[in-house]
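The values are calculated or read from the model by the stated rules, or taken from the named source; none is laboratory data. Just so it is clear, the model here is predicted, and its values are computed rather than measured. Positions of Cβ are backbone-derived with ideal geometry, glycine not excepted, and every protein chain shown enters the neighbour counts. The area values use the complete protein model at the heavy-atom level, side chains included, leaving out ligands, DNA and RNA. Shrake-Rupley method; radii C 1.70, N 1.55, O 1.52, S 1.80 Å.
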Amino acid sequence: MTLIGNTQLVLVEGESKRSSEELCGRNDGNVKVIFPKTNLPVQPEKTQMACITPGDYVLVKITSANSQSLRGHALNHSTLND
């Protein structure tokens, strides 16, 4: 899939169904994106950290894909305006 290596804006929905250590959300193409639960910088290049909660937008770097979902790691919080 061509999305591997790309950064996607993801709307966080909540915990992954398979692991409480992971979160899931959807990108703008409505594809499910799964990534580890972690605290993230509020903005790029900033040191202030915040936990990820449902309803947040985060940037996720995609590392793998299958027919149903994408997997990656979150980089930082974001907004639709960024």
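To put it simply, the accessible area of the range 10-73 at a 1.4 Å probe is 46 percent carbon and sulfur. Diffusion coefficient (Stokes-Einstein, Kirkwood radius over C-alpha pairs, 4 °C, 1.567 mPa s) for the range 2-44: 115 µm²/s, rounded to a whole number. For residue 11, what charge total do you get from the other residues with a beta carbon under 12 Å from its beta carbon, if Lys and Arg give +1 and Asp and Glu give -1? For residues surrounding residue 11, the net value is -1. For the chain, the dipole from Cβ point charges (+1 on Lys and Arg, -1 on Asp and Glu) about the Cα centre works out to 220 debye, to the nearest 20. In terms of Cα atoms, the Rg and Dmax of the chain work out to 11.7, 36 Å.
Given an 8 Å cut-off on Cα distances and at least 6 residues of separation, report the relative contact order of the chain as a percent. Relative contact order for the chain comes out at 32 percent. Once the 1.4 Å probe is applied to the protein heavy atoms, the range 31-82 comes out at 61 Å² accessible per residue. Taking the range 1-43 and a reference point 7 angstrom along Cα→Cβ of residue 68, the backbone N atoms nearer than 18 Å belong to 1, 13-27, 30-36.
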